[in-house]
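Notes follow once the structure below has been shown.
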Amino acid sequence: MNLTKLHHIAIICSNYEKSKDFYVRILGLTPVREVFREERNSYKLDLEVNGQYQVELFSFPNPPERPSYPEAAGLRHLAFEVNDIEEAIIHLTSMKVEVEAIRVDPWTDKKFTFFADPDGLPIELYEC
C-alpha cells in the first residue's frame, strides 16, 4: 500500500445551517459542491481549504452527540495550519468564537490553540 496524502475529513453536524455558516463564513472554507440526498434526508457539502478539497460536512436527522470530555476513543480533533495565529484568534473572537490560550509545542516551538465547532468538535490552529 502506498498512501499519498490525506484526502478528506468527514464531519457530521446536528444543525446543518449553523455548521455550514461556521465552516464557510467564520473559518473561510470554500464550498465546492452541495447536494441533498433525499433517500437519507441528508445534506453533503464538500469544502476546500486553500484550494484543496478536504472537508465533507454531512447532516443526518438526529445524530447522537459526540463524546468528548473525558476524551473518547476515535478522532481527537481537526487541525488547520495558519500563518499567523494571533491574527486568526482576533478573527475568531470577533465572530464570538471562544478560543483557548495560545500554547507552544515543546518539540517544535510552534504556537497552537484550540476552539470548538457548533457541535463541540475540537479544532486546532497550528502556526507554521
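The values are calculated or read from the model by the stated rules, or taken from the named source; none is laboratory data. The structure displayed is predicted, hence computed values, not measured ones. For neighbour counting, all protein chains shown are included, and Cβ atoms are generated from backbone atoms with ideal geometry for every residue, glycine included.
Things to note:
- Residue, surrounded by the fewest Cβ atoms within 10 Å (Cβ to Cβ), within the range 62-90, restricted to residues that are touching a residue at least 40 places away in the same chain (Cβ under 8 Å) and farther than 21 Å from SER14 by Cβ: ASN83
- Restricting attention to the range 94-118, the residues that are closer than 24 Å to PRO63 by Cα and touching a helix residue (DSSP H, G or I) at 6+ places or on another chain (Cβ under 7 Å) total 4.
- Here ARG76, ARG66 are screened, and the one residue that is in a loop (DSSP other than H, G, I, E, B), touching an Asp or Glu at 6+ places or on another chain (Cβ under 7 Å) and among the charged types (D, E, K, R) is ARG66.
- Note on the range 13-43: residues that are more than 23 Å from THR93 (Cα to Cα) and surrounded by 17 or more Cβ atoms within 10 Å (Cβ to Cβ) amount to 1.
- Look at the range 8-19: where a residue is of a type outside the set (Ser, Thr, Tyr) and a partner is modelled with pLDDT under 95 and surrounded by fewer than 14 Cβ atoms within 10 Å (Cβ to Cβ), sitting 6+ places away or on another chain with Cβ atoms under 6 Å, you get ILE12/PRO63.
- From the list ALA10, ALA116, ALA101, the lone residue that is within 18 Å of the chain's Cα centre (by Cα) and either of a type in the set (Ser, Thr, Tyr) or exposed (fewer than 11 other Cβ atoms within 10 Å of the Cβ) (or both) is ALA10.
- Restricting attention to the range 80-120, the residues that are in a strand (DSSP E or B) and in contact with a Ser or Thr (Cβ under 8 Å, 6 or more places away or on another chain) total 2.
- For the range 45-61, the candidate set comprises residues that are surrounded by fewer than 16 Cβ atoms within 10 Å (Cβ to Cβ), part of a strand (DSSP E or B) and not hydroxyl-bearing (Ser, Thr, Tyr); within that set, the residue that is modelled with the highest pLDDT is GLU48.
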